[in-house]
Amino acid sequence: MKIPRVRVYLASSFDGFIAGPNHDIDWLNQNYSMAGDLESSPEVLSFERFMSEVGAMLMGRNTYSIVEKFGQWHYGETPVLVATTRPLEPMSKTIQTVSGSIELLIAKAKQVAGEKDIYLDGGDLVRQAFDAKLVDEITITFLPVLLGKGIRLFEDLVSPTRLQFSAHNMHDGGMLQVTAKIISEE
């Protein structure tokens with residue numbers, strides 16, 4: 001039986017911001033392609049391929065609110081657990097709300113995912129999971145832009161986390177994708 005991994009898959013500005021000031025993410029949708037960009041690698045982990053390995057997604061409430069503004073649901077039939085204590089109008093029948101400690105939330109996501117992986121999304125949830133040593137792998141796609149200010153993913157982690165880089169690939173549009181496994185300090 002395969003043990004599901006807790007995985008983070010996200011985009012970041014080159015200077016480490018996952019959102020601009022006021023949670024702005026418009027910069028994610030700009031075209032950064034330029035003549036002379038390195039070719040995209042066939043090994044790049046596309047969103048579609050990543051999602052094919054995911055059995056459940058655990059998403060923070062603020063991230064859900066941002067996704068809701070897109071007006072389009074990008075997660076298909078994948079069960080999505082939204083961590084919240086506030087009322088929520090689900091965009092899809094695949095959504096359920098959950099609450100509790102990060103340990104309980106991830107345990108619930110693992111239950112739902114079966115033998116597939118868990119996709120953890122949302123800055124606050126990701127930080128909590130790193131602090132609790134519950135993340136197995138992280139894939140960051142760096143966009144060729146410097147924001148200078150905004151929301152950093154790794155701001156205020158309680159302790160260092162050792163990583164082992166396992167892949168690096170060029171992505172369409174001049175983006176650089178890096179994947180790392182989290183090294184257990186036990």
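The values are calculated or read from the model by the stated rules, or taken from the named source; none is laboratory data. Being a predicted model, the structure only gives us computed values, none of them experimental. FYI the Cβ positions are ideal-geometry reconstructions off the backbone, even for glycines, and counts take in every protein chain you see. The accessibility values were calculated without ligands, DNA or RNA, using every heavy atom of the protein model including side chains. Shrake-Rupley method; radii C 1.70, N 1.55, O 1.52, S 1.80 Å.
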>> Suppose the filter is under 19 Å from I138 (Cβ atoms) and touching a residue at least 40 places away in the same chain (Cβ under 8 Å); does V126 pass it?
In response: yes
> touching a Lys or Arg at 6+ places or on another chain (Cβ under 9 Å) and touching a residue at least 12 places away in the same chain (Cβ under 8 Å) - does that describe any residue in the range 102-111?
Replying inline: no
> Taking interchain pairs and intrachain pairs at least six residues apart, which have beta carbon atoms under 9 angstrom, with the first residue in the range 52-79 and free of Cβ contacts under 8 Å to residues at least 60 places away in the same chain and the second surrounded by fewer than 17 Cβ atoms within 10 Å (Cβ to Cβ) and assigned to a strand (DSSP E or B)?
Replying inline: P79/Q96
>> Of the conditions (1) part of a loop (DSSP other than H, G, I, E, B); (2) polar (S, T, N, Q); (3) open to solvent by 40 Å² or more (accessible area, probe 1.4 Å); (4) touching a strand residue (DSSP E or B) at 6+ places or on another chain (Cβ under 9 Å), T78 satisfies every one except a single condition; which number is it?
In response: (3)
>> Considering only residues that are touching a residue at least 60 places away in the same chain (Cβ under 8 Å), open to solvent by less than 60 Å² (accessible area, probe 1.4 Å) and of a type in the set (A, V, I, L, M, F, W, C), which ones fall in the range 1-27?
In response: V6, V8, L10, A11, F17, I18, A19, W27
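Looking only at residues that are touching a Pro at 6+ places or on another chain (Cβ under 9 Å) and open to solvent by less than 10 Å² (accessible area, probe 1.4 Å) in the range 114-129, which one is farthest from N62 (Cα to Cα)?
Our first condition is that a residue be touching a Pro at 6+ places or on another chain (Cβ under 9 Å); within the range 114-129, this holds for 114-118.
Still in the list and also open to solvent by less than 10 Å² (accessible area, probe 1.4 Å): 117-118.
Details: D117: 22, I118: 19 Å.
Restricting to residues being touching a Pro at 6+ places or on another chain (Cβ under 9 Å) and open to solvent by less than 10 Å² (accessible area, probe 1.4 Å), the top hit is D117.
Going by the structure shown, is R49 within 22 Å of E137 (Cβ to Cβ), of a type outside the set (A, V, I, L, M) and not in a helix (DSSP H, G or I)?
On the way: within 22 Å of E137 (Cβ to Cβ): yes; of a type outside the set (A, V, I, L, M): yes; not in a helix (DSSP H, G or I): no.
No.
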